[in-house]
Amino acid sequence: MTTQTINTAAPAYLDQTTNVLTDVEAWVALQTVVVSGSSTSTITLQSSTGANDWSQYQDLVLLSAARGDTSSSADPTKLNLNNDTGGNYTYMFVYSNGTTAAASSSATANYWWSDDATGATAPTGLFGSGILQMFDINSGKYKQATCQTDRAGSQTTMYSFTWENKAAITEIDLTNGGNFVADSRFDLFGVLPRMVS
Amino acid sequence: MAVIEAIETVYLEADAANVTFSSISGYAHLQLSISGKTATSGSGTRDVYVQLNGDTGGNYSWNDMTGYSSSTSADAYAGFTHWYLGVMNGRGNDYTTTSNYGAINMIILNYTSTNMKTAPMSWSGAWGSTPMVKSSGGTWADTSAVTSIKLYPSSGSFLRGTAITIYGIKSS
């Protein structure tokens, strides 16, 4: 079970009476999902209307603080865009666990990661986290993202991601190896460009 | 007043040798978001350099850590004439298509301080024939307030389609 709030208010940068553009807060809170049960296997964030119409933003930023119920110390959150589950995702990452630094890459992945969530065998109360920034989401480019994650102090990772698709991003699906546990939280922000010359 | 305000967005409709931001007063910190690519063909990644206040002296230093294919590295640089901000792929060098642009995020903290040297934090990611992810932080050996920021590729020009926004972050 989740509680999902979506900001569909009129965009603050547009005066609703005069239709005049103005520059306001560049970061706009779009959606928040908080898990309140242990049976949530998929979390979907979609573009809709008002402030939550993603076509008006330059970048998207996703903040994740999550834990899964897979029997492992880690259960990182997988991220798919626009329902694409094909091998169109690439990644490059470097990580440190306090004693070792290592790197790895793939050009045919089926998803990105948005965090390094902990799993069922991690100490009680420990959640993993991540900050993911998706760049120029409405352009005709392949979509690039950068992400920094932390697994409850035991490992930190820095990612470079590409989604080999030129479509505008309109949906984000989040899954893990099983279910998200209570208090897992995801906050999505839209980042506006300069609106007034 | 907004806490984070988009000061200026540059979306290149033609190749450009550099992008300079000079109307940046009134904030506590600055942030740059870049989706960019260089117009230079040939092998190897193309780097993005930064100069502050038009300073071309050897006053820039930085440390970085890099993930490069399956290897890692850590390096330190001092006495350079620019900061190194990140990597972007050159045109014709992508192993798949020219639709691949690099992504960079950079924060310049306390940029108006005259009591200490301004220090940025930056990290970037790109994918090309050489996969690479990099994080770096640098120092500008100058006590002046930052009044302009010039971005330019290590070789060639920024490719059309490059998008750069500079944000100002207010304090309480």
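Every read-out reported here was derived from the displayed coordinates using simple, explicitly stated rules and does not represent laboratory data. All figures in this text were calculated on a predicted structure; none of them were measured in a lab. Every residue, glycine as well, gets a Cβ built from its backbone with ideal geometry; the counts of neighbours run over all protein chains shown.
Structure summary
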item	result
Shielding by partners - mean other protein chain Cβ count within 10 Å, residues of B:99-109	5
Under 19 Å from the Cα of A:Lys166 - lysines, other chains or at least 8 residues apart	A:Lys141, A:Lys143, B:Lys37
If the convex hull is drawn through the Cα atoms of the protein assembly as shown, its volume per residue in Å³	144
Region B:1-36 residues near the modelled A:Leu21 label - backbone nitrogen below 17 Å, point 7 Å along Cα→Cβ	B:5-13
Coordinate range along principal axes, alpha carbons of region A:1-133, Å, largest first	58, 35, 30
Order of A:Phe135, A:Phe127 - criterion: other Cβ atoms within 10 Å of each residue's Cβ, fewest first	A:Phe127, A:Phe135
Neighbour-count ranking [beta-carbon atoms within 10 angstrom, fewest first] of B:Ile108, A:Ile169	A:Ile169, B:Ile108
B:Lys150, B:Lys170, B:Lys134, A:Lys141 arranged by Cβ crowding within 10 Å, fewest neighbours leading	B:Lys170, B:Lys150, A:Lys141, B:Lys134
Shielding score for A:134-144, defined as the mean number of other chain Cβ atoms within 10 Å	6
Simple spin-label estimate for A:Thr8 and B:Asp142 in nanometres, 7 Å along Cα-Cβ	5.1
C-alpha center-to-center spacing [region A:90-120, region A:5-66] in angstrom	27
